[in-house]
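The values are calculated or read from the model by the stated rules, or taken from the named source; none is laboratory data. Owing to the predicted nature of the structure, the values given are computational and were not obtained by experimental measurement. Note that each Cβ is placed from the backbone with ideal geometry, even for glycine, and that neighbours are counted across all protein chains shown. The protein model used for the area step is the full one, side chains on, heavy atoms only, and it has no ligands, DNA or RNA in it. Shrake-Rupley method; radii C 1.70, N 1.55, O 1.52, S 1.80 Å.
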Amino acid sequence: MKHEAFDITHFPIARLHVAPENPRSDDTVDPVLVDQLADSIAENGVLVPLIAYEHEGQALAVSGGRRARALHKLVDTGVFDGGHMVPVRLVPQDQARDMGATEQITQQRLSDRDELMVYNSPAFRSMSDGEIARRLGKSVTAVKQRRAVHQLPEDVLTLVLDGSLSIDQGYGLTYFHEDEDAMREMVSVCMSRPGMDLNDIRDAFKRSRADWSKSAKAALTTKEAYLAAGGRLQEDLFADTSFILTPSVLDSLAHIAGEERIEADYPDAAFIRYCDDLYGSASPQMHPGVDRLTDDERAEWAEIRWDRYRHDEEAEPEWFARYSELSERAEKFHPPELVELLGVCWTFGFSADKPLNVRENCLPDDLEPLYQGGWLMRPEPVSDMLQEGNEAENVKLPAKVAQQIGEIRVHCLRMLLAKKPDRVLAMFAEQLANPSFSYSQTLFHRDDRDIVSADGVQEYVRQSPDWVKIASIDATKESVDSTTPSNHRKILAKQLLDRLSLASVNRLPEAQEALLSFAQFTEDFFEGYKKPHLIEMIQAHVPADKLADVSLDKLPKKQLAIRACEACENGKVFLPLGF
């Protein structure tokens, strides 16, 4: 008997089967729920018709798979026989998939894997995300998330569908759809770490892509401008943001916008300059400002500045009144006539909340107007005397050598102070107790980015046995908890010595002793100097009669470096220029 489409008719249980298009697979259907449904059907019958299409005399259910299984269970247990009739709504096969999928996903929740299969059913493939969302009563975002999994490479999708990867991991892998190599690397990680979830994978992806909503550069422009300039974004299907795929485009836009904003905020700046680093060793120099002290007051202030804690305010009110007066007049400020000679340096911030970092009152490249105006002290020239007539040539110390010298001085000081951990702690206590210290007077850096590394200068500094010992103490939490107070002090001293600042070598009396004790130079170090410096070193420490037959200015720099090193006995007799 041929039935009309959309008829509600009755089929015997023996001719009722689950259609292959039905998303509820045998291994995901809860047998307990099937038993409960069988009990209900045995008592009340089938209340809601199954949706099926007819094929070769059989009714294949695209919706009602659990009911069909419950009915066959009742046949198996003898409650019904195979000829027992049940209500079925017949629909055309081409529409059955669509109607079945819609009903399945809006009824009792499918398993995650079965639900994924529904979203990839032929009935939905030609629909937009919005159409599917309206049909199923889901959000557009939820539809995008599930359909994105089906865009994974076939072999990766198979791992998700067969359970080798979790559904959560499948969602996470969609982040890498633009970089298949990175996706496959992440698949390997997920296979080795079954507990890895969506957030873990998203965090791994974020390490290689900037988040638009958190980017300082993105805060300076708009998505529309970025996209119009050829930039590409990857929508985050699991959060309200996007990821930046073409950072070079954003860099260009952000630089232009940042420059314009600084120009608007500082219209009177002598110059505006972008700097990669405003706070590290390569940060721009700033004018410290001037005070309102006379020369006599400045000398008086220098004598009493650090004596405040030696006086009693109640017993010596006049002394404290004078101290307060001088302290106020000693405060640095930048008068307008000075400000107009200084500039502004800027760089990008670290978050969208503060997209720009700015340093005001930066020194220009040409310092002559500041010297002439009396705003800076003109430095004493470094003279390298070359015996060429009666002329003397001023040779500037190479910046790389000057920086290296400073780092060597700091590391030598570490070697010496390693045997005085209590002295180091006392210095730190002094710094904490005197918050009025300016940044340039700070003995220990507060910011890890300013730490003076020993890399590159260790070969010029002899290792102190005390430093070796203090550096070898185990500083793990377990060891610290169980060690002695003496070792506690040494561990803290080592951490502080790692943060020793360049300013410390100018303030601590041990600095010169440290150089004499631990500096050891090689010809490689002397090669950093210019030839006039090397010639001066040799002439200062080699008897003139031994140089009578030598024309130093004609020797190659390598030979001069070797001679300078020998003349200075590897730095022990003569501390190179700059020390």
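In the complete set of protein chains, residue-level accessible area for Leu397 is approximately 40 Å², probe 1.4 angstrom.
FRET efficiency for the pair Leu293 and Ser472, taken as 1/(1 + (r/R0)^6) with r the Cβ-Cβ distance and R0 = 51 Å, rounds to 0.55.
Counting only protein heavy atoms and a 1.4 Å probe, the chain has 55 square angstrom of accessible area per residue. The charge dipole of the chain, taken about its Cα centre with unit charges on the Cβ of Lys, Arg, Asp and Glu (plus for the first two, minus for the last two), comes to roughly 1220 debye.
Ligands, DNA and RNA excluded, the heavy atoms of Lys419 present near 110 Å² of accessible surface to a 1.4 Å solvent probe.
When the solvent-accessible area of region 277-343 is split by element, carbon and sulfur atoms take up 46 percent of it, the probe being 1.4 Å. The residue among His55, Thr294, Leu425 whose Cα reaches farthest toward the positive pole of the charge dipole of the chain, with charges on the beta-carbon of Lys, Arg, Asp and Glu, is His55.
Sites listed here are trypsin sites (Lys or Arg not before Pro) in region 422-512 whose DSSP assignment is loop and whose Cβ has at most 11 other Cβ atoms within 10 Å: Arg446. Per-peptide packing, taken as the mean over residues of other Cβ atoms within 10 Å, places 328-336, 270-278 in the sequence 270-278, 328-336 from highest down.
Mean sequence separation of contacting Cα pairs (under 8 Å, at least six apart), scaled by the length of the chain, corresponds to a relative contact order of 9 percent. Which one, Gln234, Phe176, Gln285, projects farthest toward the positive side of the charge dipole computed for the chain from Cβ point charges (K/R +1, D/E -1)? Most positive-ward Cα: Phe176.
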